[in-house]
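I have placed the structure first, in the form of structure tokens, so that the comments after it can refer back to it.
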Amino acid sequence: MDFHFNLDLLANYKSPTQRARVLTEDWVARNMYCPICGRPHIGKYENNHPVGDFFCEHCAADFELKSKQTARFPQIINDGAYEKMISRITSMRNPNFFFLSYADNEVRNLVLVPNHFFTPTIIEKRNPLGENARRAGWVGCNINISSVPESGRIFIVRNQLEIDHDIVRAQYAKIKGLQTKSIESRGWLMDTLHCVERIPNRDFNLDEIYAFEEELKLKHPENNFIKDKLRQQLQYLRDKGFIEFVGRGRYRKI
């Protein structure tokens, strides 16, 4: 995998946004395999395609690319219109996401976030543009990658080290079982998993997971039975092999 951008492509582009898009999309098109099925190459959609930027002919997966100029992997990435993003990630064909960071015209990090780890709670709504702005009233968004459970952040390139393809595919295969048909179920499952991962010890109890109750109330104000919902999600995570029930309200991460 070559981490360098093809700077020869920039001759006809002056806008920094366009230049970044051309360079990063070209790099992915030249270097990326399908991290889901392992096909050696993925295809590129035409610009502004409604379902994503890239696709796999073999497994029909769609991928959207987001990039940021920074040597470290970013926690927050600015994105486009808030309502459009919410509509996309809650649709039945929401894409998987590639998050790419670069510096000095070289790729530094590339992370896959599978589509079933994307929920409205990780999309931050920005303030509307002021009345004097060219697009007055327009509302953008930020993608808070730090709110995605660690299990759903699969590194393909980390600090300019390519991760073995088999490891990447194995990580995806492990979390594939967390797919749900309902966006509400997806949101609760991902939020619970994120809380479990934030508990520092491998063994934990219900009181430690209940400590996130107030935080989850803000994310799910329509639910008045947070503790009941948490216990339900812990059972689901147990059934999927992410945690095991030790006994008497105690669990262990696997």
Give, as residue ranges, the strands (runs of 3 or more DSSP E) completely inside the stretch 76-151 that count at least 3 residues that are out of contact with any Asp or Glu (no Cβ under 9 Å at 6 or more places or on another chain), assigned by TED's automatic domain parsing to the domain that holds Lys66 and within 23 Å of Arg30 (Cβ to Cβ).
96-103, 106-113
Helices (runs of 4 or more DSSP H) fully within the stretch 157-254 counting 1 or more residues that are touching a Gly at 6+ places or on another chain (Cβ under 6 Å) and surrounded by 12 or more Cβ atoms within 10 Å (Cβ to Cβ):
165-175, 206-210
Against the definition (within 19 Å of Ser147 (Cα to Cα) and within 22 Å of the chain's Cα centre (by Cα)), how does Glu214 come out, yes or no?
no
Condition test on Ser91, is it modelled with pLDDT of 95 or more and over 19 Å from Ile175 (Cβ atoms)?
no
Among the listed residues Lys44, Lys84, which satisfies the condition of being over 16 Å from the mean Cα position of the chain (by Cα) and within 22 Å of Glu184 (Cα to Cα)?
Lys84
The conditions are (1) modelled with pLDDT of 90 or more; (2) surrounded by 14 or more Cβ atoms within 10 Å (Cβ to Cβ); (3) farther than 25 Å from Leu129 by Cα; (4) touching a Lys or Arg at 6+ places or on another chain (Cβ under 8 Å), and Lys44 fails exactly one of them. Which is it?
(4)
List, please: which pairs have Cβ atoms under 6 Å, are six or more places apart or on different chains, and start with a residue in the stretch 41-68 that is on the phi < 0 side of the Ramachandran plot and not assigned by TED's automatic domain parsing to the domain that holds Pro16 and end with one that is of a type in the set (A, V, I, L, M) and at pLDDT 95 or above?
none
I need the full set of residues from the stretch 1-15 which are surrounded by fewer than 14 Cβ atoms within 10 Å (Cβ to Cβ) and within 16 Å of Ser101 (Cβ to Cβ), in order please.
His4
I'd like to know if the stretch 163-178 contains one or more residues that are polar (S, T, N, Q) and in contact (Cβ under 8 Å) with a residue 40 or more places away in the chain.
no
Test set (1) surrounded by 15 or more Cβ atoms within 10 Å (Cβ to Cβ); (2) part of a loop (DSSP other than H, G, I, E, B) - Val51 fails condition number
(1)
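The values are calculated or read from the model by the stated rules, or taken from the named source; none is laboratory data. In this text, all values refer to a predicted model and were calculated from it rather than measured experimentally. So basically every Cβ, Gly included, is an ideal-geometry build from the backbone, and we count neighbours across all protein chains shown.
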